[in-house]
Structures are given as structure tokens and as C-alpha cells.
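In what follows, a single structure is set out as C-alpha cells and then discussed.
The values are calculated or read from the model by the stated rules, or taken from the named source; none is laboratory data. What you see is a predicted model; the values in this text were computed from it and never measured. Reconstructed Cβ throughout: ideal geometry from the backbone, glycine too, with neighbour counts over all protein chains shown. Each accessible area value is taken on the protein alone, full model and side chains, heavy atoms only, with ligands, DNA and RNA left out. Shrake-Rupley method; radii C 1.70, N 1.55, O 1.52, S 1.80 Å.
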Amino acid sequence: MFRGMQSYCVDPTLGLNAEQKEIQKLAKEFARNELYPHMEEFDTMGKLPRDTMKKAGEIGFGAIYCSEKFGGTGLTRFDASLIFEQLAAGCSSTAAYMSIHNMCAWMIDEFGTDEHRKKYLPSMAAYETLGSYCLTEPDSGSDAAALRTSAKRVGDHYILNGSKAFISGSGDSGVYLVMLRHEGQPGPKGIFCLLVEDGTPGLHLGKNEKKLGWCTHPTRIITFEDCQVSVSNQIGGDNQGFNIAMMGINGGRVNIASCSLGAAQNSFDLAIEHLKVRKQFGKPLADFQWNQFKLAEMAMKLVTSRLMLREAAQHLTEKTPQMASLCAMAKLYVTDTCFEVVNHALQMHGGYGILKDYPLQQYLRDCRVHQIIEGTNEIMRMIIARDVLTNANYLTG
């Protein structure tokens with residue numbers, strides 16, 4: 001006889017209060033009803049399910065941690081992590097883009113003016129206007145401070161020239177948050193942030209890239225050729241852009257790790273059910289000790305991933321001094337570990353695992369992207385190592 005869900009040691013509700021459980025439940029039901037039944041279709045279609053995302057906006061998932069004054073939901077970064085974990089179980093690629101869109105909305109809310117907030121946030125909260133984050137360039141990925149796309153001020157406008165690469169949502173987005181270099185100002189201090197609207201003369205979109213994963217949303221190079229943008233579109237200070245970018249990415253790392261965790265949890269649960277019903281050599285695969293031991297390892301990886309992720313999300317919510325390093329730690333550990341869980345779950349399905357009729361292969365492709373996006377996992381190791389080597393430790397502090 002099977003015991004109830006209340007005894008399940010990999011239960012994602014463990015440790016949550018009543019309000020957090022309600023938030024999680026709302027996201028789970030939306031994912032189960034609106035995303036998961038169409039996951040394969042979205043992946044094959046190769047474009048954002050705009051109508052479905054608008055439904056997500058109706059229940060508050062378009063500007064999750066933005067001010068309620070301007071149409072946001074007003075939840076915490078911890079709450080957002082719970083939401084993205086559940087949405088990713090429904091469609092990991094679409095959930096990942098939704099997390100990027102939410103990051104863009106937060107940047108406008110956090111660093112923009114009231115005019116910016118009034119103009120953009122209500123429509124972004126409803127997924128009427130989509131947002132794209134533009135930091136990476138063809139020649140600067142991990143070394144973000146080396147970006148070269150420039151802006152020259154001429155009167156009350158900036159003239160933009162350069163290119164951005166791997167821009168999620170590009171072509172569908174209505175507003176691009178672009179990190180630019182003040183002409184002639186090298187280093188991180190020369191970077192600032194500008195809002196560039198779709199259709200601005202001089203903004204050119206490249207071809208939609210064909211990718212291994214994240215196939216439900218477009219990715220393009222965007223190019224600026226003497227693109228003229230009003231100075232009033234600047235968010236943050238003249239030399240604040242790099243800090244804005246890094247603060248956004250801290251949250252982005254938690255969000256993406258949440259997406260990996262959601263995909264891995266569902267892969268794990270699917271594997272359990274498959275092992276119970278699939279028989280070989282006259283007995284269910286669940287009766288073989290190898291599979292039992294492997295399930296135990298996968299369960300342990302999911303629980304430890306969730307503990308680390310929620311610790312980082314809490315530090316992010318509270319803006320502690322350890323926030324950046326713990327976000328990097330969570331992104332590294334959770335995306336690597338959850339990719340392993342998904343890979344093992346696929347292996348347990350045997351030949352069925354690689355069929356596109358089954359979701360395992362899509363979870364695997366999407367989770368592989370997470371080990372690269374929002375700073376590669378090699379860069380995460382550098383951030384953590386720098387922290388432990390440059391701060392007083394527990395022994396000497």
C-alpha cells in the first residue's frame with residue numbers, strides 16, 4: 001500500500017508556510033492545466049505561446065516581484081522562485097523566458113522613474129508588452145564589463161551603435177533593456193542602461209537562431225546602426241549600468257535554478273511512475289536494486305538542491321552581503337545537479353526517454369541551457385572562489 005503525499009520526502013511543499021503553499025499551488029495548477037498539456041506543441045511550434053502567457057499575467061505572474069502600485073504582484077524573490085519552479089515543471093523553456101521577462105520588469109521598477117513604471121509595467125504585468133535583457137555581445141559573454149556597444153549623446157538623444165547576441169524574446173519583445181557604453185568611457189564604470197522600444201529606427205533584428213533547447217522563444221542578434229533613443233529612456237545613473245546588470249543577474253540565477261529544479265522534480269516523478277509499471281525479466285523495473293539506489297540518489301539531489309536554492313532566494317529577498325555568492329552557488333549546484341537528475345530519469349525510460357512524445361528529452365535540452373545562461377557555471381565557480389579567498393573566514397574572522 002502506498003503512503004500519502006504527506007510522507008513523500010521530496011515534497012516541494014516541505015518547509016513552506018500557508019501563504020507560500022497557496023502561491024505554489026496556484027503556479028502548480030496553472031502549469032498543470034495551461035503549460036504541461038501543450039509542452040511538446042510549444043517546443044515544436046518554436047514561438048512564445050502569447051495567449052497562454054497572458055493568462056499567466058491575469059493571475060499575477062507577469063511582474064511577480066514588482067510594486068503593486070504600478071501593476072505588479074508585490075511578492076518576494078523567494079515567492080518568485082516557488083512560482084518558476086512550478087511553471088518549469090509545465091514547460092521549462094517558456095518558464096525560463098517568463099523569468100527573464102520578470103527580471104526586465106523588476107529592473108524598470110527598481111531603477112526607472114515613475115514615468116517609466118507607468119508606461120511599461122502595467123502592460124508587462126499582463127504580458128501585453130514583453131521584455132528582453134540585452135547584455136551579452138558577440139565578443140563579450142562572461143566578460144560582461146568588456147561590452148563595446150556604444151552610445152554617444154547628441155543633445156537630448158543617444159546615438160547607439162553595436163550588437164547584442166543571444167537575446168531571448170527578441171522579435172517578440174516590445175522593450176529592450178540594453179547595457180551600453182558611454183562613448184570613450186572604458187571599464188564597468190562606463191556602462192549605463194537604456195530602454196529601447198521595438199520598431200525604433202536603427203534597431204535591426206537578426207535571424208531566429210536554431211537552438212538545442214529553449215525552443216519555445218526566439219533568440220537573435222540585435223544590431224544598432226545610428227539608432228536614436230531619447231535620453232529620457234535611461235534607467236539608473238550614468239555609471240550604474242554594470243551594477244544594475246549584476247543585480248538583475250543575481251535574481252536571474254535564482255530564477256533559472258528554479259526552472260532546473262522544476263524540470264528535474266517532474267522528471268523524477270515521471271521516472272518513479274515508469275519504473276512501477278514497466279516490466280523486464282518478469283518484474284517491474286522498480287524492483288531492481290540498481291534503480292532503487294539510483295532513485296535514492298536522485299531524491300537526495302533534489303532535496304539538497306531545493307535547500308540550497310531556497311537559502312539563496314531568502315538571502316536575495318533580504319539583500320544580505322552574502323547574496324551574490326549564494327546566488328552563484330545555487331545556480332551552479334542546482335543547474336548541474338538537476339541536469340544529472342533529468343539525465344538519469346531519461347535513462348530510466350530507456351528508448352522512450354528520447355522520443356519527442358515524452359517530455360524527458362525536452363527537459364534535458366532546456367536544462368542544458370541553464371548551465372550556460374545567466375553566467376556560465378565556470379564563472380559561478382570563480383565568484384564563489386573569490387568570495388572565500390578574499391573575505392575573513394570563520395577561523396580567522
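Yes/no per residue for (1) part of a helix (DSSP H, G or I); (2) in contact with an Asp or Glu (Cβ under 9 Å, 6 or more places away or on another chain); (3) open to solvent by less than 40 Å² (accessible area, probe 1.4 Å):
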{"position": "K25", "(1), (2), (3)": "yes, no, no"}
{"position": "M39", "(1), (2), (3)": "yes, no, yes"}
{"position": "T52", "(1), (2), (3)": "yes, yes, yes"}
{"position": "G57", "(1), (2), (3)": "yes, yes, yes"}
{"position": "G74", "(1), (2), (3)": "no, yes, no"}
{"position": "A80", "(1), (2), (3)": "yes, no, yes"}
{"position": "F84", "(1), (2), (3)": "yes, no, yes"}
{"position": "A88", "(1), (2), (3)": "yes, yes, yes"}
{"position": "M98", "(1), (2), (3)": "yes, no, yes"}
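Evaluating I159 against the criteria (1) under 30 Å from A80 (Cβ atoms); (2) among the β-branched types (V, I, T); (3) touching a residue at least 40 places away in the same chain (Cβ under 8 Å) leaves one unmet condition, (1). Is it fair to say T335 is under 29 Å from T13 (Cα atoms) and assigned to a loop (DSSP other than H, G, I, E, B)? No, not satisfied. In the set (1) among the small types (G, A, S); (2) in a loop (DSSP other than H, G, I, E, B); (3) crowded, with 23+ Cβ neighbours inside 10 Å, S142 fails one condition alone, (3).
What about E34, is it in contact (Cβ under 8 Å) with a residue 12 or more places away in the chain, in a helix (DSSP H, G or I), among the acidic types (D, E) and farther than 22 Å from C104 by Cα?
The answer is yes for E34.
In the range 311-328, how many are of a type in the set (A, V, I, L, M, F, W, C) and touching an Asp or Glu at 6+ places or on another chain (Cβ under 9 Å)?
We begin by selecting, within the range 311-328, every residue of a type in the set (A, V, I, L, M, F, W, C); these are 312-313, 316, 323-324, 326-328.
Okay, now just the ones that are also touching an Asp or Glu at 6+ places or on another chain (Cβ under 9 Å), so 313, 324, 326, 328.
Total meeting the criteria: 4.
Residue-level check: of (1) open to solvent by 50 Å² or more (accessible area, probe 1.4 Å); (2) touching a Pro at 6+ places or on another chain (Cβ under 6 Å), N33 misses just (2). Selection of the range 264-291 for residues being under 36 Å from the mean Cα position of the chain (by Cα), surrounded by 13 or more Cβ atoms within 10 Å (Cβ to Cβ) and not small (G, A, S) yields Q265, N266, F268, D269, L270, I272, H274, L275, K276, R278, L285, N291.
Looking at T129, T216, T200, which one is among the β-branched types (V, I, T), in a loop (DSSP other than H, G, I, E, B) and surrounded by fewer than 20 Cβ atoms within 10 Å (Cβ to Cβ)?
T200 is the lone residue from the list that is among the β-branched types (V, I, T), in a loop (DSSP other than H, G, I, E, B) and surrounded by fewer than 20 Cβ atoms within 10 Å (Cβ to Cβ).
When the range 184-196 is limited to residues that are in contact with a helix residue (DSSP H, G or I) (Cβ under 8 Å, 6 or more places away or on another chain) and either assigned to a helix (DSSP H, G or I) or at pLDDT 95 or above (or both), the one that is most open to solvent (accessible area, probe 1.4 Å) turns out to be K189. On the given criteria, is G46 in contact (Cβ under 8 Å) with a residue 40 or more places away in the chain, touching a Cys at 6+ places or on another chain (Cβ under 6 Å) and surrounded by fewer than 17 Cβ atoms within 10 Å (Cβ to Cβ)? In short, yes.
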